[in-house]
């Protein structure tokens, strides 16, 4: 059944979210962005109608109560999603139909699963996560809220990724590793040991790059 939703964010990432929402069968009624340069523009033919205050007015006038934050920065995305919820709006979940998702996977509100992603059995994905293009998440992994798995990254089984962590493009994480909150794993890295919260690591095997 088609839903009418809005998207907050008008960047390149928002284009991919918009395409996934359309492919899922949603009607994207409007896009909003706080950047004044985006005002009165269009994104892939969809009108950009202003910033967050305009969004609240428009949603009330048009009876639209559900949307998704399409911003790549984990902290900004999480903060905006919380603001939307406090304003009485609901977070949409978007799963591209060309993603492969096991039937028992749990996906939190506000998360988006892009085309080509493969998510295997008993995976739990929190709210406002991005599982990006051509990623794989094997069995029994846990992604806490506001995690971003960048394109082409791969989690082996039983990996835990804590809140706000960013796993860069092409990263491979071996089984059983824990990646701490707000950690950043540089593109192309291989993760063979636990990564502490707020760490910045890269390499194969990855190491501290502060």
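May I ask you to list the residues in segment 158-172 that are part of a loop (DSSP other than H, G, I, E, B) and over 15 Å from residue 73 (Cβ atoms)? Once the filter is applied, which keeps residues that are part of a loop (DSSP other than H, G, I, E, B) and over 15 Å from residue 73 (Cβ atoms), segment 158-172 yields 158, 159, 162, 169, 170, 171.
Residues in segment 109-132 that are surrounded by fewer than 19 Cβ atoms within 10 Å (Cβ to Cβ) and in a loop (DSSP other than H, G, I, E, B): 109, 115, 116, 120, 121, 122. Within segment 192-199, can one find any residue that is within 22 Å of residue 23 (Cβ to Cβ) and assigned to a loop (DSSP other than H, G, I, E, B)? Within segment 192-199, none of the residues are within 22 Å of residue 23 (Cβ to Cβ) and assigned to a loop (DSSP other than H, G, I, E, B).
Read-outs: derived from the displayed coordinates by stated rules, not from any lab. Note that the coordinates shown come from a computational prediction; the quantities given were computed from them, not determined experimentally. Heads up, the Cβs are rebuilt from the backbone with ideal geometry, glycines too, and the neighbour counts pull from every protein chain shown.
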